[in-house]
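The values are calculated or read from the model by the stated rules, or taken from the named source; none is laboratory data. Bear in mind the structure is a predicted one, so any value in this text is a computation, not a measurement. For neighbour counting, all protein chains shown are included, and Cβ atoms are generated from backbone atoms with ideal geometry for every residue, glycine included. The area values use the complete protein model at the heavy-atom level, side chains included, leaving out ligands, DNA and RNA. Shrake-Rupley method; radii C 1.70, N 1.55, O 1.52, S 1.80 Å.
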There are 2 protein chains.
Amino acid sequence: MTLSLNTAAPRGEQLESLLDQIMGVYSVSDDETALADDIEAFLKEYPHLDVRRHGDTIVASTAFGRPSRVILAGHIDTVPVIDNFPPKWLEPGDPLIRGDVAAAHPGERVLWGRGATDMKASDAVMLHLAATLDGSTPETTPKADLTFVFYDHEEVAAEKNGLRKVVESHPDWIAGDFAIIGEPTNCGIEGGCNGTIRFDVVTHGVAAHSARAWMGENAIHKAAGILNRLAAYEPADVEVDGLVYREGLNATLISGGKGTNVIPDECRVHVNYRFAPDKTLAEAKALMMGADAGAELGNGEHVATGGVFEGYGIEMKDESPSARPGMDAPLAVSLADLVRERTGREPLAKLGWTDVARFSQLGIPAVNLGAGDPLLAHKHDEQLPASELPLLADILLAWLV
Amino acid sequence: MTLSLNTAAPRGEQLESLLDQIMGVYSVSDDETALADDIEAFLKEYPHLDVRRHGDTIVASTAFGRPSRVILAGHIDTVPVIDNFPPKWLEPGDPLIRGDVAAAHPGERVLWGRGATDMKASDAVMLHLAATLDGSTPETTPKADLTFVFYDHEEVAAEKNGLRKVVESHPDWIAGDFAIIGEPTNCGIEGGCNGTIRFDVVTHGVAAHSARAWMGENAIHKAAGILNRLAAYEPADVEVDGLVYREGLNATLISGGKGTNVIPDECRVHVNYRFAPDKTLAEAKALMMGADAGAELGNGEHVATGGVFEGYGIEMKDESPSARPGMDAPLAVSLADLVRERTGREPLAKLGWTDVARFSQLGIPAVNLGAGDPLLAHKHDEQLPASELPLLADILLAWLV
């Protein structure tokens, strides 16, 4: 199968049709191959694109000989479905349309289902731009060369991230002067992003029959101190380059115990620290476990020598740096001006971690700009009002051409 | 297959052979049928026994017309194996023999493997008594009629307990004036038992993406209060009828969270309260959750109205009453005197829950008296010095005949 695009139809219909088609292909992380195949086949139909593939990541570039290059990137995986696949279009008045969406978009059709906002709507717009900005007329000739990246494994551990892998294996594929990532922002600009680290905080005890608990040592009871420190933590608001980043420190998983009648010999609290871009990865880790704890990805458990979890065992699970907003780059300034004009929106801080940070590390200024409400991402009632598609397409076209 | 007994061999060899045979049949809870089949077939070879079966529980009774009846009961299931099945005999000096066992039983063979102490050694002695106390000579004629009960599902939730089921379905099979349960006691008498209740203590929150934690409510952080109360609890020593019972309150399992990047909407702490026989089941529950919380087995979650976990959700999972020691029953007194004479041991409080409590509820005084060290029960290096078999057999024979 490939995707179909009827350029004779009104543009709104083209965008909705593309979104409909890619929403209909199940692509929860680890299952992106079918959608990557479709996207690759679709893009290969356009001779103005040089289409390459690494794993399930598709990179398509123009070669118009422009002096600068803009990267437009979108991940094609989704978080797991929660009774929200396959997708469906909802007509105005449908009770599945959220109240806030209906109020903000009265009389509008809504696409409901997994990936609607995070982030297949932006993917659909980017696919449309890739196919139609072919350099054949002034209206379809961008001021910069374009590189489109559709990548896998964004919603899981950083080590599986398709953009990361293609940057490592083919750094020349991802060169450019500015990047836009289509993470949902309600078509506003969100700059930079919080960094994120995830790690287990571990307690140890001694197993025993619970009828003779005093012969053992209860590892779950010892975890009280971990939860107390988490419950007492107050997240900070941190201003960086004029944007305000809100931090967060949360246990997301907890497990311990081997049986209903056994004193538990281990308890693990999985902690996620989201930190503002005023901190490097190393500084964030130091705040959690001390500067010299030595816990690194894949090297097992180490005792925290300081920080919030001083004295507890730490096992690193995932880490991704923050990115400063980069709103001083000239291309960022012009894009921000255009978005302000079209939507009235000022640039905001991006709170969730996105691959903006990866471009930031490559020295490529990058912002998030995408269709859909970021607060609906990952929800069971994830949904997108139809007007977000032409709004995003209009902004990008006006800026690119 | 059935069990074989060569009564021409020395009695020690007969006991070891029976133990060897039943240890060799895997009988982790839920898999007792093969061993129940073997025991049923074996007992049915003896015409002085009336053998009945309910599920995987075998009840064999004599009908010598004695004025009183003694019940001897043993469970035939074991806890799961931990690289300790099949069993093996260890010769003196074998490094698998625990230091404490070797020191207390120098030069003695040891049977190593799952069920050695809990409680197939006592089962083997009871099978031997059942087969040989046939009333054919004065030496093989007991003063009381005997009922032997070999039952399934003791090591799991009370609702599956084979003794419980046979008491409910055939109460007439389990009539008697005194009962001995062969739970391991090092051939001493242990009286009564702690009661036990198990329940989940539950917190609720609101799920959200962990990048926007303030939109959710962290159920794991809320569990800090549960663990603080558990960590602060000091177990009491309670004296009942001259024996001292040590209580315990422990989390044995904890779980919570739905994903590494999701604010958890539920956390469950599985708690086991072991309470002394000065308390009824209702009194014990009141101490945990208030007298009127209304949480009962199978009726879901209820908020604790008082007690240790006041304010938290409670879901009952298992409950078994305590049993007072009953050391004032005349048969208990004579058995305690005999054990004191043979072993020098005074009666002790039984701390773990045993089916003594079930007999106690039927109005049948009962004690624990069995071969093997109770501290080795459920361990991976569970083992039994051979001399425990004739010691238990001698005590029971001297008291019964």
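Quick notes on this one:
- When residues of region A:221-247 are limited to those that are open to solvent by less than 20 Å² (accessible area, probe 1.4 Å), of a type outside the set (Gly, Ala, Ser) and in contact with a helix residue (DSSP H, G or I) (Cβ under 7 Å, 6 or more places away or on another chain), the one nearest to the other protein chains (Cβ to nearest Cβ): A:LEU227
- Of all residues in region A:186-211 being of a type in the set (Val, Ile, Thr) and open to solvent by 10 Å² or more (accessible area, probe 1.4 Å), the one that is farthest from B:ASN272 (Cα to Cα): A:THR196
- Output for region A:262-276, where each listed residue is assigned to a loop (DSSP other than H, G, I, E, B) and either touching a Cys at 6+ places or on another chain (Cβ under 7 Å) or surrounded by fewer than 22 Cβ atoms within 10 Å (Cβ to Cβ) (or both): A:ASP265
- In region B:289-298, the residues that are more than 18 Å from B:HIS204 (Cβ to Cβ) and either buried (at least 16 other Cβ atoms within 10 Å of the Cβ) or in contact with a Cys (Cβ under 6 Å, 6 or more places away or on another chain) (or both): B:GLY290
- Restricting the first member to region B:129-155 and to residues that are farther than 21 Å from B:ARG53 by Cα, and the second to residues that are open to solvent by 10 Å² or more (accessible area, probe 1.4 Å) and outside any loop (DSSP other than H, G, I, E, B), the beta-carbon pairs closer than 8 Å and six or more apart or on different chains are B:THR140/B:THR132; B:ALA144/B:ARG69.
- Of the set (1) of a type in the set (Phe, Trp, Tyr); (2) farther than 19 Å from B:PRO365 by Cα; (3) more than 11 Å from every other protein chain (Cβ to nearest Cβ), all apply to B:TYR273 but (3).
- Residue ID - least open to solvent (accessible area, probe 1.4 Å), chosen from residues in region B:277-288 that are assigned to a loop (DSSP other than H, G, I, E, B) and more than 14 Å from every other protein chain (Cβ to nearest Cβ): B:LYS279
- Neighbours by Cβ (under 8 Å, 6+ apart or cross-chain): first from region B:371-386, within 13 Å of chain A (Cβ to nearest Cβ); second among the polar types (S, T, N, Q) and open to solvent by 10 Å² or more (accessible area, probe 1.4 Å): B:ASP373/B:ASN186; B:PRO374/B:ASN186
- Restricting region B:299-332 to residues that are open to solvent by 40 Å² or more (accessible area, probe 1.4 Å) and at pLDDT below 95, the residue that is farthest from B:VAL240 (Cα to Cα): B:GLU319
So that you can scan it fast, the table gives a plain yes or no per residue for (1) at positive phi; (2) buried (at least 24 other Cβ atoms within 10 Å of the Cβ):
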| position | (1), (2) |
| --- | --- |
| B:VAL339 | no, no |
| B:GLY344 | yes, no |
| B:GLY352 | no, no |
| B:GLY372 | yes, yes |
| B:GLU382 | no, yes |
| B:GLU388 | no, yes |
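- Residue within region B:335-353 that is more than 23 Å from B:TYR273 (Cβ to Cβ), among the acidic types (Asp, Glu) and part of a helix (DSSP H, G or I) present: yes
- Residue check, A:VAL356 at pLDDT 95 or above, surrounded by 20 or more Cβ atoms within 10 Å (Cβ to Cβ), closer than 21 Å to A:LEU396 by Cβ and out of contact with any Phe, Trp or Tyr (no Cβ under 6 Å at 6 or more places or on another chain): no
- Restricting attention to region A:342-355 and to residues that are more than 13 Å from chain B (Cβ to nearest Cβ) and touching a strand residue (DSSP E or B) at 6+ places or on another chain (Cβ under 8 Å), the residue that is farthest from A:SER322 (Cα to Cα) turns out to be A:PRO347.
- Scanning region A:55-89 for residues that are closer than 29 Å to A:GLN383 by Cα and among the charged types (D, E, K, R) turns up A:ASP56, A:ASP77, A:ASP83, A:LYS88.
- In region B:259-270, the residues that are more than 7 Å from chain A (Cβ to nearest Cβ) form Cβ pairs under 8 Å with partners that are hydroxyl-bearing (Ser, Thr, Tyr) and open to solvent by 10 Å² or more (accessible area, probe 1.4 Å), at six or more places apart or across chains, as follows: B:ARG268/B:SER255.
- Residue match in region A:159-173 (condition: among the small types (Gly, Ala, Ser) and assigned to a loop (DSSP other than H, G, I, E, B)): no
- Within region B:248-258, tally of residues that are in a strand (DSSP E or B) and more than 7 Å from chain A (Cβ to nearest Cβ): 1
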